[in-house]
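Below is one structure; the comments refer to it alone.
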Amino acid sequence: MPRQRAATDIPSLGAIDRAAGKVSRQIAHALRTAIAKGELKPGELLPSTRTLSASLRVARGTVTEAFEQLQAEGYLDSQVGAGTRVAPMLAEQPPPARSPRSRKAETAPIELPPRAERLAEVVRAFTPMPEVPFAIAVPAGAVAPDDHWRRLGNRVRASRVAAPSSYGDPRGLMALRQTIADYVRKSRAVLCEPEQVVITAGTQQGLYLAGRVLLSRGDRVWAEDPAYPGMTAVLDDLDLVTTRVPVDAQGIDVDAGIAACADARAAFVTPSHQYPLGMPVSMIRRKALLAWAARQGAWIVEDDYDSELRYSGHPFPSMQGLDPQRVVYLGTLSKVLFPSLRLGYVVAPSALIDAFAGARALLDRHSPTADQHVLAAYMQEGLFEAHIRRIRGVYAARRATLIAALAHHMPDGVALQPSDQGMHLLLWLPDGADDVRLAQAALDAGIVVRAISPMYHRAARAGLMLGFGGFAPDDLEAAAARLRHVMDKDGLRRPAGVPKPSSARSARRELRTGPIQARR
């Protein structure tokens, strides 16, 4: 039998009453109970009589007497030099019969608290999907961090600085905050000092921190319609009253938000690349949103989603740069590196720095220090910006491949949402289509698409999100053909007598200018 560490924690022995007498019988009874309850398994090594007597503060002979009694009954097996173990033959014995009352107690449903029910729904929504086409936010292959990241990681982890003996600043490592402040100033026109940066475990935590710091239970807030489910789940969990504001080709409709709820305390928006539709908020709408916030004394929470991944033209600068004291800016580094990194940041208005740091300290104190050191070095040496340039080229090529494949394979009535950035494309389905059912059928066929109708609060439309970042061109081509097969089985077929487009260029034009334009 392989060497095994002796059991040191036997809960049943905690009931020994040394003052009641007959201690050896009590010990024997407690060990029988532990074996019957499965606290001690067949073949498990017990502590020595010397160790157990010292733990229970009884004479060694008392423990020896209890062991001998259980050996005689067949519960224990003792061999010289091998210690005392639970008898292996007990594994063949059936478990003791349970009374009808105990079985009923085990099967009786437990009424869960309302918050537990709600959080259980959240974790089901966040369950990772298989990393197959067209899963969202899956970097792989040429998109994954390069040898520089591994080299820096080895160097940093070999040094003492990456393993401090005390807690760190809840705001995060100053070297990383400095590099982030420099990066967002240059790339996103964010106006901030390093002291305003708080390192988070990604944008999801940044959203939660913003809600905790800025708002109180029952406060009214705006959220886009449709919107990122992780954001609306945060607002629900904080017991806020959310008004869903419709989105059109210019982004969030500020006039509609004012008409529905002028006195909201905050607006949660994705102005760089609306999730899930993909358009940026126009400059006119940005100014209108900031003007409303200034009049109402409200806050704007800017999730700068996918701002790095633009494939044509120049992105709008951040909204934070237009009003640094009214806008809370959220960014992530995980998505463009690798999601398991779990590092993002909040740029907080000066007056709220300590509040955000305090909220972070309550959640999980601070992010792992070693990863912060690695990322700070990666950014300081210019490797992060080089990585962004590299993956932008990789993603642009894969995006073009997928657009051409969709144009070739998709049936009439399916239209591509115009967008020139990000890691996914959005396909609109014909009126009456069931995108949730289609997404499940696609999953059964080995591909992952995300239905968008559940992301709407009202006037839901059917559509599918298709991620392309982590998949080779051949895989995207094959997955597009497989998706067409799933659509055909679901009834989304090209009408009889309608020919396919005669060229890839006309196919892409047809896909871009299909039903989506009529709906606008």
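The values are calculated or read from the model by the stated rules, or taken from the named source; none is laboratory data. What you see is a predicted model, and the numbers here were worked out from it, not measured in a lab. Reconstructed Cβ throughout: ideal geometry from the backbone, glycine too, with neighbour counts over all protein chains shown.
Can you say whether Asp147 is modelled with pLDDT of 80 or more, under 30 Å from Leu466 (Cα atoms), more than 25 Å from the chain's Cα centre (by Cα) and of a type in the set (Asp, Glu), as far as the supplied structure shows? Yes. Residue-level check: of (1) out of contact with any Pro (no Cβ under 9 Å at 6 or more places or on another chain); (2) farther than 22 Å from His273 by Cβ, Asp182 misses just (1).
When segment 451-482 is filtered for residues that are within 22 Å of Gly230 (Cα to Cα), of a type in the set (Lys, Arg) and in contact with a Gly (Cβ under 8 Å, 6 or more places away or on another chain), nothing remains.
The residues of segment 352-364 that are under 11 Å from Ile199 (Cα atoms) and either touching a helix residue (DSSP H, G or I) at 6+ places or on another chain (Cβ under 8 Å) or of a type in the set (Lys, Arg) (or both), listed by number, are Phe356, Arg360.
The set of residues in segment 341-363 being of a type in the set (D, E, K, R) and crowded, with 20+ Cβ neighbours inside 10 Å consists of Arg360 alone. Taken over segment 422-432, residues that are buried (at least 22 other Cβ atoms within 10 Å of the Cβ) and either aliphatic (A, V, I, L, M) or farther than 18 Å from Leu476 by Cβ (or both) amount to 4. Here Ala260, Ala291 are screened, and the one residue that is more than 19 Å from Gly331 (Cβ to Cβ) and free of Cβ contacts under 8 Å to residues at least 12 places away in the same chain is Ala291.
When the residues of segment 68-84 are narrowed to those that are in a loop (DSSP other than H, G, I, E, B) and not β-branched (Val, Ile, Thr), which ends up nearest to Leu45 (Cα to Cα)? Only one residue fits best here, namely Ala82.
If Val436 satisfies all but one of (1) crowded, with 21+ Cβ neighbours inside 10 Å; (2) outside the structural domain of Arg157 (by TED's automatic domain parsing); (3) β-branched (Val, Ile, Thr), what's the number of the condition it fails? Against the list (1) crowded, with 21+ Cβ neighbours inside 10 Å; (2) outside the structural domain of Arg157 (by TED's automatic domain parsing); (3) β-branched (Val, Ile, Thr), Val436 comes up short only on (1). Residue pairs whose Cβ atoms lie under 7 Å apart, separated by 6 or more positions or on different chains, with the first residue in segment 155-170 and assigned by TED's automatic domain parsing to the domain that holds Pro194 and the second at pLDDT below 75, are Val156/Ala162.
Residues of segment 289-302 being part of a loop (DSSP other than H, G, I, E, B) and of a type in the set (A, V, I, L, M), which ones? Correct list: Ala298 only.
Taking segment 164-192 as the range and being more than 23 Å from the chain's Cα centre (by Cα) and in a loop (DSSP other than H, G, I, E, B) as the test, the residues that pass are Pro164, Ser165, Ser166, Tyr167, Gly168, Asp169, Ala189, Val190, Leu191, Cys192. Residues considered: His366, His373. Of these, the only one that is modelled with pLDDT under 85, buried (at least 20 other Cβ atoms within 10 Å of the Cβ) and farther than 30 Å from Leu277 by Cα is His366. Against the list (1) among the polar types (S, T, N, Q); (2) outside any loop (DSSP other than H, G, I, E, B); (3) surrounded by fewer than 20 Cβ atoms within 10 Å (Cβ to Cβ), the condition Ser312 fails is (2).
Is it the case that some residue within segment 447-464 is of a type in the set (A, V, I, L, M), farther than 25 Å from Asp304 by Cβ and surrounded by fewer than 18 Cβ atoms within 10 Å (Cβ to Cβ)? Within segment 447-464, one or more residues are of a type in the set (A, V, I, L, M), farther than 25 Å from Asp304 by Cβ and surrounded by fewer than 18 Cβ atoms within 10 Å (Cβ to Cβ).
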